[in-house]
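The next block holds one structure in the form of structure tokens; read it before the comments.
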Amino acid sequence: KHISPRPHDGPRHTWPHPTARILYSLQEHTSMVDLFAIDPTDGTTLHHLTGVKIIPADQDPKDYWADEVRLSPGPHPRHLYASTRGLTAATRGYVAVFALDPADGTLASDTALHIWQTPTSGGIANAIEPAPRADDDTGVEYLAMTDSEEGWVFMLGFDPRKGEIGEVARVNLGKTGEGEVVKAATAVWL
């Protein structure tokens with residue numbers, strides 16, 4: 001079903017809050033995340049709450065296609081992560097971080113804590129996957145991000161004390177015997 005509150009948009013991926021009261025829907029054409037309340041009486045009716053951009057205000061959404069929306073780990077997630085890809089190799093993507101109200105999963109603010117420009121467009125990927133837990137000592141939340149343009153897997157870290165996300169490591173997957181870039185579409189934590 002089409003659940004975008006704006007015409008000519010389209011949901012790419014959705015992700016539920018652990019309480020099953022909020023659904024986050026990433027809109028591919030506008031690079032926005034919409035939050036919907038899930039009606040507790042039937043569990044299927046959605047009520048639009050708000051929508052936020054995951055690219056800087058000075059960027060044109062027509063240059064991007066949104067990719068993933070995910071939450072930080074645990075039963076009471078503290079952060080929402082969303083990524084977008086550049087439509088061409090010359091346009092780099094973004095990863096945005098928003099604070100969540102841990103009590104109900106709504107946004108603590110419509111303003112992103114940080115929007116980080118990715119090293120490449122991401123190709124068909126720039127898919128993000130948070131690690132199953134944060135660093136116990138620092139509170140840093142780690143995410144894997146895949147890149148199909150140049151064959152990278154990036155490790156990102158969001159430091160809630162600084163309010164910043166950035167690259168902490170990377171590995172290139174190399175090329176096939178035929179010289180083709182090895183492309184990763186998604187990452188899975190084991």
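Here are some notes:
- Among the residues of the stretch 157-169, those that are part of a strand (DSSP E or B) and either farther than 22 Å from Pro73 by Cα or touching a residue at least 60 places away in the same chain (Cβ under 8 Å) (or both) comprise Phe158, Ile165.
- Filtered by the rule that a residue be modelled with pLDDT under 95 and either crowded, with 23+ Cβ neighbours inside 10 Å or touching a Gly at 6+ places or on another chain (Cβ under 6 Å) (or both), the stretch 106-126 gives Ser121, Gly122, Ala125, Asn126.
- Answer from Thr45, Thr84, Thr30 - the residue that is surrounded by fewer than 18 Cβ atoms within 10 Å (Cβ to Cβ) and among the β-branched types (Val, Ile, Thr): Thr45
- As a summary of the residue check, Thr120 satisfies the conditions (1) touching a residue at least 40 places away in the same chain (Cβ under 8 Å); (2) within 17 Å of the chain's Cα centre (by Cα) except for the one numbered (1).
- In the stretch 127-156, residue modelled with the lowest pLDDT [restricted to those that are within 14 Å of the chain's Cα centre (by Cα), of a type in the set (A, V, I, L, M, F, W, C) and assigned to a loop (DSSP other than H, G, I, E, B)]: Ala127
- Condition broken by Ile54, with the remaining ones in (1) surrounded by 20 or more Cβ atoms within 10 Å (Cβ to Cβ); (2) under 23 Å from Asp135 (Cα atoms) satisfied: (2)
- Looking only at residues in the stretch 72-88 that are touching a Gly at 6+ places or on another chain (Cβ under 8 Å) and touching a residue at least 40 places away in the same chain (Cβ under 8 Å), the one that is nearest to Ala134 (Cα to Cα) is Pro77.
- Residue within the stretch 170-179 that is out of contact with any Leu (no Cβ under 8 Å at 6 or more places or on another chain), surrounded by 13 or more Cβ atoms within 10 Å (Cβ to Cβ), within 16 Å of Gly139 (Cβ to Cβ) and of a type in the set (D, E, K, R) present: no
- As a summary of the residue check, Ser109 satisfies the conditions (1) small (Gly, Ala, Ser); (2) in a loop (DSSP other than H, G, I, E, B); (3) in contact (Cβ under 8 Å) with a residue 24 or more places away in the chain except for the one numbered (3).
- Subset tally (residues that are more than 15 Å from the chain's Cα centre (by Cα) and surrounded by 14 or more Cβ atoms within 10 Å (Cβ to Cβ)) for the stretch 87-100: 1
The values are calculated or read from the model by the stated rules, or taken from the named source; none is laboratory data. Bear in mind that the values here come from a model prediction, so they are computed numbers and not experimental data. A quick note on method: Cβ atoms are made from the backbone with ideal geometry, for glycine too, and the neighbour counts reach across all protein chains shown.
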